[in-house]
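Chemist: Have a look at the structure that comes next, please.
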Amino acid sequence: MRSPRWTRVAAVVGATLLAGAAAVIGTPAAVDAAPSHGSAKFVVQNADSNASLGCSATVACTIEVIPIIGISCDAAGNAADVADRGMPANQRPSASLVPTVFSTCSKAGHFPPGSYNGGGEVPDLSVSGALWWAASNWQNRVSVPITLAPSASVCDVVNNKATAYLYGSEAMLQATQQWAPKFCLDASSFSIRHVQTSEPQAKNLLRAGTIEAAIQGAPPDTPFPKPTVQAPAAVTGFAIAFSIDNATGAAVQNLKLNARLLAKLLSESYLACGGVCFDFTSDDAKSSGFAALASNPIDMSRDPEFQALNPGIARTVYIQPAAALAVMSSDSDVMHAVTSYIDADPEARAWLDGKPDPWGMVVNPAYRGIQLPVDNWPLLDAHLAQLASGANLCLTADPVPWLPLVSSPVLNPATVALNMQFDIANSQIVCKNNGAQNQKLTAIGREASGSRFLVGLVSLADAVRYQLNVASLQTHNTSTGTAPFTDAGGRTFVAPNDASMKAAAALLSADTKVGSWVVPYGTLRTDARGIQAYPGTMLMSIDVPTTGLPKSEAAQYSSLLQFVAGAGQAPGLGNGQLPPGYLPLTSANGLAAQAKYTRSAAAAVAAQQGVVPLLSGDLPAVTGTPPSVPQVPTGGGSAGGGSIGSVPGSSASSSSAVSPATSTPKPKVSPTASPKSSVAAAPVARTSSLTAGPLGLALPVLAILGIASLGTAAWLSGAGRR
């Protein structure tokens, strides 16, 4: 048969999802719902992440949905196109082979419609996605044209304008990459570039004067050495993403977690090893208290507390990933927020201080009494696993602590989101080339569909964009007993969405000491007003000095803050809009004070008189003589801040009138000369869902993906995906 022609589309990258009902579209592979109403996630990319197709705002693409109904069984070629009938006789199948060919191409699979292939059996080729191009399949395709907005990468090629650099929080990346084209495509404007680095590092660089603006999700511990605004940019938060399958191989859609379970995952308190893996009788184990862990569950799926809150989830075969929370290794305000949530929870705090849970599980003694919150979670356990002989020669030859290998944090928070999207377990416990000269420890890698168990800490905006399932977190507990419980009764769990973040935003507390608003984690779980507030909520701010910046750059940052407080808060998926995963700073959301402050901060940055607005948004009167603004040449890049090292001046965190600080002109620091993180190529792929409709009730479906920057999935809610 002749190969059909089509518009530019991607290649099939899926596998059978439900035999006779649906198929995986894109990369994740798992059962998501009942057979007749199945859905599956798929990855949608544009030219930035798949240059071979090049789909972009100027190159049209389509999504092709192809029902897999089998292939033509005209083995003798009698019904072939006229142009194909001239095939030489020696290339046609012999008459004796025709029955065999017919038998092969007419196979219909091993499973009845709606059943699940939990054993990973290879499907019959005739009904697999490998033959999506066969005319009998292709002729029933459903074509969905897609259009694309310019991606943030357009700013790299369309201009060489002056650039306002923003260093810091990956949690704001989804917003800044939608904002960026609004600026760079405007001939009369400048460009903005978000350099992803840890928030604490960005604040330190701003404190040192080597950068001009930082994005953060928690006010600095110590005031900046010169007057600096902390201008609210958006409300977002952290999320606990999960990829878990139940006993029937179906993907779990809803999960309940409390702070104590998160503390267990972080504190290396699950043994993460089956059988006899540790010598609990040794003097070292007894003296360190490690022997007490002998009766702890192997992983969270076997924890009675987890089972009580999430009945019906089977024990996993992926012990190590189920024993740790996937997190980043770098300092992060996101980690500061999640450990603040844990620290404010009475049950979690008591457990970390040494009180066993109702079933007797105890904290790893290496973490007993740990002080929280922290910006970076430490790996403190030092006990070696006593593995069976020959089980892991890498560790036999070079013993290292087992539980830190299980945790194995990654450097970039975006990597956690990527691993959650593709079900990749990062525990470094696999001995590759076991016994060979080049043996080494590697990650477990991708988990098999039907038995997945992964839990990871991600930014809420990433979770929304990539359609990650996220847990509902406990905010309130009316149960005061210490006996084991069997269900979630008396406990309130809240999922992240606009309503729950709005409830949390209403509880933001103005703290004049730090010069910003803070999330009162204790109030979220004890104040009746905050029962429905999402406890992972964070206020993101852009920090910019109000003295010492060159006039032209002060004007750029001022213009940026004006945009952030105004048009940048319009929700949507278009350039210049605020994408899902962020709560806009609007009066309707109870955030008028924060928007007013950012507008006042824009005026203060433009004036460069060393004034920091009051938290009311009012600009205090300038006292003393305003400092002269050093005129520094703008050539050679604009990422460097006005000064290097400490600069005397008033604290930026004061809520009263701030005296202008004096400053000494210092040479400009170019982006390549200062110790900054490289500009990360922002991922532009969104994910979406395709639900099997009438066409897919009894047929496997494969989608051929148009590489695009489509709209994101429905805003997360406790009820799961739309």
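The values are calculated or read from the model by the stated rules, or taken from the named source; none is laboratory data. This one's a predicted model, so the numbers in the text were calculated from it and none came from an experiment. With ideal geometry, Cβ positions are generated from the backbone for all residues, glycine too; neighbour counts draw on all protein chains shown. Accessible surface areas use protein heavy atoms only, side chains included; no ligands, DNA or RNA. Shrake-Rupley method; radii C 1.70, N 1.55, O 1.52, S 1.80 Å.
Chemist: Go through the range 157-190 and count every residue that is within 26 Å of Leu460 (Cα to Cα) and touching a Phe, Trp or Tyr at 6+ places or on another chain (Cβ under 7 Å).
Modeler: Qualifying residue count, the range 157-190: 3.
Chemist: Considering only residues that are under 24 Å from the mean Cα position of the chain (by Cα) and either of a type in the set (Phe, Trp, Tyr) or within 16 Å of Leu293 (Cβ to Cβ) (or both), which ones fall in the range 340-378?
Modeler: Tyr341, Trp377 - these are the residues of the range 340-378 that are under 24 Å from the mean Cα position of the chain (by Cα) and either of a type in the set (Phe, Trp, Tyr) or within 16 Å of Leu293 (Cβ to Cβ) (or both).
Chemist: Still on this model: Sort out which residues of the range 141-166 are part of a loop (DSSP other than H, G, I, E, B), open to solvent by 60 Å² or more (accessible area, probe 1.4 Å) and either in contact (Cβ under 8 Å) with a residue 12 or more places away in the chain or among the β-branched types (Val, Ile, Thr) (or both), and write them in order of number. Let's see the steps before the verdict.
Modeler: Kept after step one, since they are part of a loop (DSSP other than H, G, I, E, B), are these residues of the range 141-166: 141, 147-151, 157-162.
Now narrow it down to the ones that are open to solvent by 60 Å² or more (accessible area, probe 1.4 Å): 141, 147, 157-158, 160.
Hits for the range 141-166 are Arg141, Thr147, Val157, Val158.
Chemist: Let me ask another. Could you grab me the full set of residues in the range 327-369 that are touching a residue at least 40 places away in the same chain (Cβ under 8 Å), assigned to a loop (DSSP other than H, G, I, E, B) and not hydrophobic (A, V, I, L, M, F, W, C)?
Modeler: Ser329, Ser330, Asp331, Ser332, Asp345, Asp357, Pro358, Gly360, Asn364, Arg368
Chemist: Which number in (1) open to solvent by 10 Å² or more (accessible area, probe 1.4 Å); (2) in contact with a strand residue (DSSP E or B) (Cβ under 6 Å, 6 or more places away or on another chain); (3) more than 30 Å from Pro219 (Cα to Cα); (4) at pLDDT 90 or above marks the one condition that Asp423 misses?
Modeler: That leaves (1) as the condition not met.
Chemist: Checking the structure you have, find out if any residue of the range 537-547 is assigned to a loop (DSSP other than H, G, I, E, B) and either among the acidic types (Asp, Glu) or touching a Gly at 6+ places or on another chain (Cβ under 6 Å) (or both).
Modeler: Within the range 537-547, the first condition is being assigned to a loop (DSSP other than H, G, I, E, B), and the residues that meet it are 546-547.
Right, trim to either among the acidic types (Asp, Glu) or touching a Gly at 6+ places or on another chain (Cβ under 6 Å) (or both) and you get 546-547.
The answer is yes; a qualifying residue exists.
Chemist: Moving to a separate point now. Might you let me know whether the range 602-615 holds any residue that is within 28 Å of the chain's Cα centre (by Cα) and not in a loop (DSSP other than H, G, I, E, B)?
Modeler: No, the range 602-615 has no match at all.
Chemist: Let me ask you something else. Can you spot a residue in the range 457-476 that is of a type in the set (A, V, I, L, M, F, W, C), modelled with pLDDT of 90 or more and either open to solvent by 30 Å² or more (accessible area, probe 1.4 Å) or under 23 Å from Ala385 (Cα atoms) (or both)? Give the steps one after another, and end with the answer.
Modeler: Quick first cut of the range 457-476, residues of a type in the set (A, V, I, L, M, F, W, C) only: 457-458, 460-461, 463-464, 468, 470-471, 473.
If we keep only those that are modelled with pLDDT of 90 or more as well, we get 457-458, 460-461, 463-464, 468, 470-471, 473.
Still in the list and also either open to solvent by 30 Å² or more (accessible area, probe 1.4 Å) or under 23 Å from Ala385 (Cα atoms) (or both): none.
Within the range 457-476, not a single residue is of a type in the set (A, V, I, L, M, F, W, C), modelled with pLDDT of 90 or more and either open to solvent by 30 Å² or more (accessible area, probe 1.4 Å) or under 23 Å from Ala385 (Cα atoms) (or both).
Chemist: Could you please find all residues in the range 195-217 being open to solvent by 10 Å² or more (accessible area, probe 1.4 Å) and small (Gly, Ala, Ser)?
Modeler: Ser198, Ala208, Gly217
Chemist: Moving to a separate point now. Based on this model, can you work out whether Lys440 counts as of a type outside the set (Val, Ile, Thr) and either open to solvent by less than 40 Å² (accessible area, probe 1.4 Å) or closer than 29 Å to His336 by Cβ (or both)?
Modeler: Working: of a type outside the set (Val, Ile, Thr): yes; either open to solvent by less than 40 Å² (accessible area, probe 1.4 Å) or closer than 29 Å to His336 by Cβ (or both): no.
For Lys440, the condition - of a type outside the set (Val, Ile, Thr) and either open to solvent by less than 40 Å² (accessible area, probe 1.4 Å) or closer than 29 Å to His336 by Cβ (or both) - is not met.
Chemist: Just for strands (runs of 3 or more DSSP E) wholly inside the range 420-502: which have at least 3 residues that are in contact (Cβ under 8 Å) with a residue 24 or more places away in the chain and of a type outside the set (Ser, Thr, Tyr)?
Modeler: 453-459, 472-477, 491-494
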